[in-house]
1. For region 132-218, what is the relative contact order in percent, using Cα pairs closer than 8 Å and at least 6 residues apart in sequence?
2. Mean separation of Cα pairs under 8 Å and 6+ residues apart, divided by the residue count of the chain: what relative contact order is that in percent?
3. At 1.4 Å probe size, with the rest of the protein present, what percent of the exposed accessible area of the chain is carbon and sulfur atoms?
4. Tell me the label-point distance for the pair residue 128, residue 53, using the 7 Å Cα-to-Cβ offset, in nm and rounded to one decimal.
5. Run the quick spin-label model on residue 208 and residue 89: label points 7 Å from Cα toward the beta carbon, then report their separation in nm to one decimal.
6. Pull up all non-local amide H partners of residue 80: gap of 5 or more, or a different chain, and H-to-H distance under 5 Å with H placed in the peptide plane.
7. Is region 11-128 rounded, prolate or oblate when judged by the Cα gyration tensor, a ≥ b ≥ c being the square roots of its eigenvalues, rounded requiring a/c under 1.5 and prolate requiring a/b larger than b/c?
8. How high is the FRET efficiency from residue 34 to residue 142, r the C-beta distance, R0 25 Å, rounded to 0.05?
Amino acid sequence: MSYHSQEEFTLSQIELYENPSTRLPICLVLDTSYSMNGEPIKELNKGVKLFMESIRKDDMASASAEISMVTFGGEVKQLFDFGSIHRQTIPHLSVNGLTPMGEAVNLAVDLLERRKNMYSQSGVSYFQPWIVIMTDGAPTDDISLASRRTSDLVNNRKLTIFPLGIGPNADMETLKMFSPNRPPLKIKGLNFVEFFEWLSSSVSAISASTPGEKVNLDVDAIQKWAVL
């Protein structure tokens, strides 16, 4: 588990003061356990690259969206913290070990809470935060605390969460525990690129709205990548 450096923290604070745009914090929580070896991790890397490049090309979305990425494969890693996507390096994900999903989701919630505090201290408004969980298996640690925390936030309208299952062995019942209102979705095959295309278009739509305004997700687009 890691947190960003003091230098990154200072840069992030400066960005908040220099760019007063309403922020949309998104934490991607990605399974990189050994079961993702081969085509799954290859396609996941493609999808993440497309997502980050799409946000960079959209002026409004790149000013609003702040992305953090947490992986769980053997150990939990924070690859980068919230901040300008223009100074973030697109990661190359590799596989390793077991599936500490509970620890990863707890870290994601911690990161979002800390970022919201920074917004408040800087006088920057923000949209409801997002967590995206992608996994092809079952957790190898205890998820009870993590699932309780996400459920409480969702019920209090302080979090939007997207639990996504990959492949035939994804534990959809476990994923359901993180999301009391929105059922988990299973990705069709390895349609990661289609999912991240939908995610980037959703980010663009929210970035162009105002906090509290209802933005309907594109259900037709969801059908391209999810088993409904």
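1. Relative contact order, region 132-218: 26 percent.
2. Across the chain, relative contact order equals 24 percent.
3. Details: 5180 of 10320 Å².
Carbon and sulfur atoms account for 50 percent of the accessible area of the chain.
4. 3.2 nm
5. Inter-label distance under the simple model: 3.4 nm.
6. 69
7. Numbers: a/c = 2.87, a/b = 1.60, b/c = 1.80.
Note, shape of region 11-128 comes out oblate.
8. Values: r = 20 Å, r/R0 = 0.81.
FRET efficiency, residue 34 to residue 142: 0.80.
The values are calculated or read from the model by the stated rules, or taken from the named source; none is laboratory data. For clarity, every value in this text was computed on a predicted model and none was experimentally measured. For neighbour counting, all protein chains shown are included, and Cβ atoms are generated from backbone atoms with ideal geometry for every residue, glycine included. What goes into the accessible areas is simple: the full protein's heavy atoms, side chains included, and nothing from ligands, DNA or RNA. Shrake-Rupley method; radii C 1.70, N 1.55, O 1.52, S 1.80 Å.
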